[in-house]
1. Note down the net charge around Ile304, summing +1 for each Lys or Arg and -1 for each Asp or Glu among other residues with Cβ under 12 Å from its Cβ.
2. Pairs Lys77/Lys283; Lys170/Lys300; Lys67/Lys89; Lys77/Lys170; Lys103/Lys177: which exceed 26 Å Cα-Cα?
3. Between Asn309 and Asp262, what is 0.36 nm times their sequence separation minus the Cα-Cα distance? Round to one decimal in nm.
4. Limiting things to C-alpha atoms, what are the Rg and the maximum Cα-Cα separation (Dmax) for the stretch 252-321, in angstroms?
5. Give me the distance in nm between label points sitting 7 Å out from Cα along the Cα-to-Cβ direction at Glu133 and Lys97, one decimal.
6. If one computes the Cα centroid of the stretch 145-163 and of the stretch 272-327, what distance in Å separates the two points?
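We did not get these values from a lab; they are worked out from the coordinates using the rules stated. Because the structure is a prediction, the values reported are computed rather than measured. In this analysis, Cβ positions are derived from the backbone assuming ideal geometry, glycine residues included, and neighbour counts consider all displayed protein chains.
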Amino acid sequence: MTIKKLSLLSFSVFALLTTGCQQANENGNTTATTAASPPGLQNLTVVSRPQKIEEMMKDRGEQDQAKPVLAIVSPAKNATINGSTVEVKLTLSGDLKGYMPHKDPATGKGNHIHVILDNQPYEAYYELGQPFELRNVSEGAHTLRVFASRPWHESYKNDGNFQMTTFVVKGGGDASKPTTTKDGQTMANPTKSPKSETSPAANPGAAASPSREGKDMAASNAGTVDPANPLLTYSRPKGEYKGEDADPIMIDFWLSNTRLRDQGGDYRVRYSVDGGAPGFIDKWEPIWLTGWTPGKHTVKLELIDKNGNVVENGGYNSTAREITITK
Ligand SMILES: [Cu+2]
């Protein structure tokens with residue numbers, strides 16, 4: 001699949017894409033490439049925050065300036081949990097200005113918490129009064145990360161909103177089956193890796209490693225992640241995008257223990273789509289990309305140092321997700 005895609009992309013198109021991405025502004029147009037592009041080529045451009053979201057922010061009033069503070073009550077730090085079910089309990093405080101997670105039954109949308117097991121795609125937690133369970137968690141060390149987000153999945157970025165903990169599961173579940181929530185949403189999938197470059201097909205060595213067993217859980221081993229070191233937490237995009245939600249698509253992440261280049265730090269966030277030319281984010285805020293073609297795409301986010309190397313922290317600072325776009 002990669003080879004076929006690469007054949008569509010000439011070097012000059014790569015170069016022009018790079019220029020467009022690096023400019024990373026509303027005027028970063030790449031119209032010259034559009035005309036020359038072969039059919040089906042995806043030409044992504046950074047655009048400003050969509051008007052639709054600007055309006056939602058206005059409608060929310062001061063809630064959009066809330067400073068939610070989360071605490072992980074359960075699992076307790078470094079807790080050992082027997083069995084395969086892990087109950088997640090959170091408390092929410094801080095300057096909420098009316099912010100409260102809740103899914104509107106009519107729209108299926110609302111404020112929610114992003115809950116991330118190891119380095120898997122997040123799952124949304126809407127009703128804090130009801131327990132959030134992780135079921136069929138595999139044996140071994142795990143991490144849990146949580147942060148409050150808006151209905152359009154953009155996270156609040158104030159101190160205290162992000163929390164991370166580690167715990168150990170003894171016994172554990174059936175490693176050949178996915179880890180789910182009590183409602184059956186997948187938290188970790190053993191058979192289908194979202195990190196395409198580490199899938200057994202792309203990387204036969206990965207399947208041979210006993211700790212991997214062809215599962216994504218291996219990259220999720222909590223032991224080597226240091227919560228005090230620079231950490232990029234991938235949040236969006238994920239899953240499926242349809243119709244107007246598919247254009248533009250937001251890239252959003254959490255950043256711990258570091259600053260990006262335009263905010264007094266040395267680091268950058270590098271993103272790439274389908275293995276193409278990278279773009280760079282130098283300020284900790286979401287960006288929106290337009291120009292997606294229908295089908296599956298891989299989005300990779302990396303925290304890099306000034307030499308362009310991925311900042312090592314348990315493998316969590318380079319994360320790829322597969323998304324699906326339906327027009
Ligand atoms: Cu969300």
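1. Details: positive: Arg261, Arg268, Arg270, Lys300, Lys306; negative: Asp266, Asp282, Glu302, Asp305, Glu312.
My count for the surroundings of Ile304 gives 0.
2. On the way: Lys77/Lys283 31 Å; Lys170/Lys300 32 Å; Lys67/Lys89 20 Å; Lys77/Lys170 15 Å; Lys103/Lys177 28 Å.
In this structure, Lys77/Lys283; Lys170/Lys300; Lys103/Lys177 lie more than 26 Å apart at Cα.
3. Additional length available on full extension: 15.1 nm.
4. 12.4, 38
5. 3.7 nm
6. What the calculation gives is 19 Å, centre to centre.
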